[in-house]
Amino acid sequence: MELSIVRRRLEEKERSLSPYAVRSKQTRGRRISEEPSAVRTEFQRDRDRILHCKAFRRLKHKTQVFIAPVSDHFVTRLTHTLEVSQVARTIARGLNLNEDLAEPIALAHDIGHPPFGHAGEQALADLLPEGFRHAEQSLRVVDELERLNLTWETRDGIVNSSKVREDIFAEGYGTPASLEGQIVKVSDAVAYINHDIADALRADVIAEEELPKEVSEVLGRRHSERINNLVCDIIENSWAATGETDVPVSEIRIEMSHKVAAAANTLREFMFQRVYLWEGRREEAEQARRVISVLYDHFMQYPDEMQTEFGVASDPLWRRVADFVSGMTDQFALATAERLGARLH
């Protein structure tokens, strides 16, 4: 039998998606042309390549908010990624968009994140000649370091997934070209502002009664209520994306109601003030900066000691060191810095 009938059936099913969905047969392609898979669409193929790469596996030992937590129940960069994928797939399915495109974007959106969460990211940004943003590094990981040869649509969603602090829907560092990519961008915020509450409560950084009253009244008082209300509100207020309403294409976007968006932004700002930038975590953040600095300075001085298969030999040294250090897990970075500390100070 001709096994490619499987892929053709999957592509045929995509014809029933919203007219604004990106269909796998419409992909702008890969940087290096390849023969199609017999049993998977192009976006399903992207998902599988991401799941099987080494950088994805390392996410299980990278910090989300709390650095190198001892408890098994704290969120890691991997569990955060899986939650973003779940939220994004639910929204995409609800709007009849391409769930198979939202999934690989979500799975790879943080794949280039360095150890120690945003403290580690800021430390690298301060050290590197051209700065450092994890979304750009995520694209570099899939393009240059893992060489996954993903589709243009997945790569576009990855590099444009970052947000600025001011507003969940602020354009910030770029807007994904696809509605599926835009879904992942907002799903990232939906996931982290909720699971980070649970971690902050678990760490006794905040108490339940301290959450802003307007947030509890609009979004709910429990984790599941907040997630459900946010997801349902996004689907309802982005319904034009289904193609079932008479709305100009220029007005079709992924959004929330004003009331829910305001509550979500209030919660996000509360988390910045009380958790992400909390004064009591300065020592933890400073430790992260010291470790990153020790590692970067050492390998800039002794590049031959970088034991890694990742990297591009023709790149400048600072770029290769940044790739090596940003790929480390929290515990590996801490252990390596401890081993090198006496030699560097």
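Exactly one residue out of L10, L17, L51, L59 is closer than 30 Å to S326 by Cα, in contact with a Lys or Arg (Cβ under 8 Å, 6 or more places away or on another chain) and of a type outside the set (V, I, T), and it is L59. Which residues, taken from region 50-66, are part of a loop (DSSP other than H, G, I, E, B), more than 15 Å from H195 (Cα to Cα) and at pLDDT below 95? K62, the sole residue that qualifies.
Just one of the listed residues (E35, E14) is assigned to a loop (DSSP other than H, G, I, E, B) and either touching a Gly at 6+ places or on another chain (Cβ under 9 Å) or of a type outside the set (V, I, T) (or both), and it is E35.
Considering (1) buried (at least 24 other Cβ atoms within 10 Å of the Cβ); (2) of a type in the set (S, T, N, Q); (3) closer than 18 Å to R45 by Cβ, the lone condition that T63 does not fulfil carries the number (3).
Of the numbered criteria (1) at pLDDT below 95; (2) in contact with a Leu (Cβ under 9 Å, 6 or more places away or on another chain), the one P104 fails is (1). The listed residues are R58, R89, and the only one of them that is of a type in the set (K, R) and under 30 Å from E283 (Cβ atoms) turns out to be R58.
Starting from residues that are in contact with a Pro (Cβ under 8 Å, 6 or more places away or on another chain) and closer than 27 Å to Q273 by Cα, keep the ones in region 124-170 and report whichever is surrounded by the most Cβ atoms within 10 Å (Cβ to Cβ). Here the answer is S161. Within region 178-230, being farther than 25 Å from L78 by Cβ and among the small types (G, A, S) holds for A207, S216, G220. Within region 83-98, residues that are part of a loop (DSSP other than H, G, I, E, B) and modelled with pLDDT of 95 or more have Cβ atoms under 8 Å from residues that are buried (at least 23 other Cβ atoms within 10 Å of the Cβ) and among the charged types (D, E, K, R) in these pairs: L97/E180; N98/E180, counting only partners at least 6 apart in sequence or on another chain. Taken together, E236, E209 contain a single residue that is more than 17 Å from T90 (Cα to Cα) and surrounded by fewer than 21 Cβ atoms within 10 Å (Cβ to Cβ), which is E209. Of the helices (runs of 4 or more DSSP H) lying entirely inside region 249-345, those carrying at least 3 residues that are out of contact with any Asp or Glu (no Cβ under 9 Å at 6 or more places or on another chain) and among the hydrophobic types (A, V, I, L, M, F, W, C) are 282-301, 317-326, 330-344. Number of residues in region 22-32 that are in contact with a helix residue (DSSP H, G or I) (Cβ under 7 Å, 6 or more places away or on another chain) and not in a helix (DSSP H, G or I): the value is 5. Can you work out which of the residues in region 99-120 that are part of a helix (DSSP H, G or I) and farther than 28 Å from R253 by Cβ is nearest to the chain's Cα centre (by Cα)? Within region 99-120, the match that is nearest to the chain's Cα centre (by Cα) is G117. Here the condition is being farther than 20 Å from D110 by Cα and charged (D, E, K, R); of E180, E244, E153, it holds for E244 alone.
Of the residues F43, F56, the single one that is of a type in the set (F, W, Y) and farther than 17 Å from D156 by Cβ is F56.
So that you can scan it fast, the table gives a plain yes or no per residue for (1) surrounded by fewer than 17 Cβ atoms within 10 Å (Cβ to Cβ); (2) closer than 30 Å to Q86 by Cα; (3) more than 24 Å from the chain's Cα centre (by Cα):
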site	(1), (2), (3)
T242	no, yes, yes
E251	yes, yes, yes
L267	no, yes, no
F272	yes, yes, no
Y302	yes, no, yes
E309	yes, no, no
V312	yes, no, no
F332	yes, yes, no
L340	no, no, yes
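Candidates in region 222-243 are the residues that are touching a residue at least 12 places away in the same chain (Cβ under 8 Å) and of a type in the set (D, E, K, R); of these, the one that is nearest to A189 (Cα to Cα) is R226.
Annotation note: Cβ proximity below 8 Å between a residue of region 32-43 that is under 15 Å from A102 (Cα atoms) and crowded, with 16+ Cβ neighbours inside 10 Å and a residue that is of a type in the set (G, A, S) and modelled with pLDDT of 95 or more (sequence gap 6+ or interchain) occurs for T41/S24; E42/S24; F43/S24.
Only one of the listed residues (V215, V247, V190) is surrounded by fewer than 20 Cβ atoms within 10 Å (Cβ to Cβ) and of a type in the set (V, I, T). That residue is V247.
The values are calculated or read from the model by the stated rules, or taken from the named source; none is laboratory data. These numbers come from a predicted model, not from an experiment. When we count neighbours, we look across all protein chains shown, and the Cβ atoms used for this are built from the backbone with ideal geometry, even at glycine.
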